[in-house]
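Here's the structure, in structure tokens; my notes come after.
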Amino acid sequence: MRWKGRRQSSNVEDRRGSTSGGFGRLGGMGGSSGGGLLRLLPLLFRFLGVKGTVVVGLGLVAYMYFSGGNLGSLLGGLEGGVAQTPTSSGEVAQSPAEQELVDFVSVVLADTEETWHTLFDQAGKQYQEPRLVLYRGAVNSACGMGQAAMGPFYCPGDQKVYLDLSFFDDLRKRHGAPGDFAQAYVVAHEVGHHVQTLLGISSKVQQAKRGASETESNQLSVMQELQADCFAGIWGFHANRSRQLLEQGDVEEGLKAASAIGDDRLQKQARGYVTPESFTHGSSAQRVKWFRTGLQSGAMSSCNTFAANDL
């Protein structure tokens with residue numbers, strides 16, 4: 001990608017210097033399972049019983065809500081991913097490679113702003129820019145505690161994208177999807193969820209899930225995720241046509257990343273078999289299809305996964 005020297009977004013919120021200990025990784029795409037809080041649960045049940053444990057849990061939640069703190073600091077930094085603290089100068093300790101990643105995601109975020117401002121303007125709407133929060137290990141959000149093991153996520157409650165940069169190492173090493181456009185696809189997908197929130201799509205999906213069966217709810221989630229893939233492709237289309245951001249091989253990198261994080265592939269890697277009814281993001285083939293659809297059309301009208309006869 002031709003990203004160096006381009007405008008960086010002012011909407012990047014760097015929390016990498018915040019202490020976020022107390023939670024181990026819970027498995028998934030990021031790392032090992034187990035952690036400090038989980039290891040406390042058997043002891044709490046043994047000595048306090050079910051009711052006592054619930055009371056303690058509610059107290060911890062109340063502490064987090066009213067103090068803005070996190071359970072890691074309250075529990076004294078139990079085993080888990082602990083973020084580095086700021087240096088004496090107030091800057092976050094980081095390698096040159098990590099600083100380059102920060103610059104990169106800031107440029108990508110800025111470019112998504114260009115695309116979505118234009119498309120919203122054309123539709124007679126106003127685009128509200130999301131913020132991108134960088135963190136290490138664990139982070140507080142309006143949607144609860146986020147873990148690096150969860151991978152990047154978007155929270156509609158505060159309209160922020162959350163990203164631990166170590167995910168890009170996972171994407172490259174564990175999932176075999178290297179390249180800067182693969183990383184850009186990840187950011188653009190989460191911004192796609194922000195677009196869904198602004199358009200009222202996310203709230204309609206949540207409303208439709210009420211009273212739905214687990215299988216029906218999962219299918220709605222798949223449609224929502226595939227549309228976010230398509231929206232990511234729309235960004236790629238306009239970034240290339242209007243600003244010539246893409247280089248040879250970039251599209252292939254993005255499609256490979258979409259394939260790498262399909263539900264079927266991840267389930268096969270994790271447990272050796274696949275259960276399609278439990279999919280929440282879509283198969284590798286579906287994710288590639290809808291990302292490609294956005295890349296080729298550049299039109300939001302092409303991304304109506306909810307009306308598609310065949311996902």
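Within segment 264-311, work out how many residues are exposed (fewer than 12 other Cβ atoms within 10 Å of the Cβ) and under 11 Å from Val222 (Cβ atoms).
2
Tell me which residues, restricted to segment 283-311, are assigned to a loop (DSSP other than H, G, I, E, B) and small (Gly, Ala, Ser). Let's see the steps before the verdict.
Quick first cut of segment 283-311, residues assigned to a loop (DSSP other than H, G, I, E, B) only: 283, 298-299, 304, 308-311.
Once the filter is applied, which keeps residues that are assigned to a loop (DSSP other than H, G, I, E, B) and small (Gly, Ala, Ser), segment 283-311 yields Ser283, Gly298, Ala299, Ala308.
Does Thr280 satisfy the condition of being farther than 24 Å from Glu113 by Cα and either not assigned by TED's automatic domain parsing to the domain that holds Ala110 or not in a helix (DSSP H, G or I) (or both)?
So Thr280 passes the test.
Any idea which of (1) on the phi > 0 side of the Ramachandran plot; (2) touching a Lys or Arg at 6+ places or on another chain (Cβ under 8 Å) is the one Gly211 doesn't satisfy?
Just one mismatch for Gly211, condition (2).
So, of the residues in segment 137-151 that are surrounded by fewer than 22 Cβ atoms within 10 Å (Cβ to Cβ) and either within 17 Å of Phe168 (Cα to Cα) or in contact with a Gly (Cβ under 6 Å, 6 or more places away or on another chain) (or both), which turns out to be modelled with the lowest pLDDT?
Met150
If Phe168 passes every condition in (1) hydrophobic (A, V, I, L, M, F, W, C); (2) crowded, with 24+ Cβ neighbours inside 10 Å; (3) within 16 Å of Val105 (Cα to Cα) but one, which one does it miss?
If we test Phe168 against (1) hydrophobic (A, V, I, L, M, F, W, C); (2) crowded, with 24+ Cβ neighbours inside 10 Å; (3) within 16 Å of Val105 (Cα to Cα), just (2) comes out false.
Could you check segment 140-233 for helices (runs of 4 or more DSSP H) lying wholly inside it with 2 or more residues that are basic (Lys, Arg), under 28 Å from Glu247 (Cα atoms) and out of contact with any strand residue (DSSP E or B) (no Cβ under 7 Å at 6 or more places or on another chain)?
166-173
Going residue by residue through segment 294-305, is there one that turns out to be touching an Asp or Glu at 6+ places or on another chain (Cβ under 6 Å) and in the same structural domain as Asn218 (by TED's automatic domain parsing)?
Within segment 294-305 (the criterion being touching an Asp or Glu at 6+ places or on another chain (Cβ under 6 Å) and in the same structural domain as Asn218 (by TED's automatic domain parsing)), the answer is no, since none of the residues qualifies.
Considering every residue within segment 265-280, establish whether at least one is in contact with a Ser or Thr (Cβ under 6 Å, 6 or more places away or on another chain), charged (D, E, K, R) and closer than 18 Å to His189 by Cβ.
Checked segment 265-280: at least one residue is in contact with a Ser or Thr (Cβ under 6 Å, 6 or more places away or on another chain), charged (D, E, K, R) and closer than 18 Å to His189 by Cβ.
Could you check Glu129 against (1) assigned to a strand (DSSP E or B); (2) surrounded by fewer than 19 Cβ atoms within 10 Å (Cβ to Cβ); (3) at pLDDT 95 or above and say which number it fails?
Condition not satisfied by Glu129: (1).
Any residue at all in segment 248-264 that is in contact with an Asp or Glu (Cβ under 8 Å, 6 or more places away or on another chain) and not in a helix (DSSP H, G or I)?
The initial filter retains those residues of segment 248-264 that are in contact with an Asp or Glu (Cβ under 8 Å, 6 or more places away or on another chain), namely 250, 253, 258.
Next, only the ones that are not in a helix (DSSP H, G or I) stay: none.
Among the residues of segment 248-264, not one is in contact with an Asp or Glu (Cβ under 8 Å, 6 or more places away or on another chain) and not in a helix (DSSP H, G or I), which makes the answer no.
Could we say that Leu245 is outside any helix (DSSP H, G or I) and buried (at least 18 other Cβ atoms within 10 Å of the Cβ) here?
yes
Inside segment 139-154, can you point out the residues that are within 24 Å of Asp103 (Cβ to Cβ) and in contact (Cβ under 8 Å) with a residue 40 or more places away in the chain?
Within segment 139-154, Val139, Ala148, Gly151, Tyr154 qualify.
Test Val191 against the criterion of being among the hydrophobic types (A, V, I, L, M, F, W, C), touching a helix residue (DSSP H, G or I) at 6+ places or on another chain (Cβ under 8 Å) and surrounded by fewer than 21 Cβ atoms within 10 Å (Cβ to Cβ), and give yes or no.
no
Do any residues in segment 89-110 that are within 25 Å of Glu129 (Cα to Cα) and crowded, with 17+ Cβ neighbours inside 10 Å have Cβ atoms under 9 Å from those of residues that are of a type in the set (Ser, Thr, Tyr) and modelled with pLDDT of 95 or more, where the two are at least six apart or on different chains, and which pairs are they?
Pairs found: Val105/Ser9; Ser106/Ser9; Ser106/Ser10; Val107/Ser9; Val108/Ser9; Leu109/Ser9; Ala110/Ser9; Ala110/Ser10.
Among the listed residues Ala299, Ala257, identify the single one that is more than 17 Å from Gln183 (Cα to Cα) and either aliphatic (A, V, I, L, M) or at pLDDT below 95 (or both).
The conditions single out Ala299.
If you check Ala184 against the conditions, is it at pLDDT 95 or above, closer than 21 Å to Val251 by Cα, hydrophobic (A, V, I, L, M, F, W, C) and under 16 Å from the mean Cα position of the chain (by Cα)?
Taking the combined requirement at face value, the residue satisfies it.
The values are calculated or read from the model by the stated rules, or taken from the named source; none is laboratory data. The structure displayed is predicted, hence computed values, not measured ones. Backbone-built Cβ (ideal geometry, glycine too); neighbour counts: all protein chains shown.
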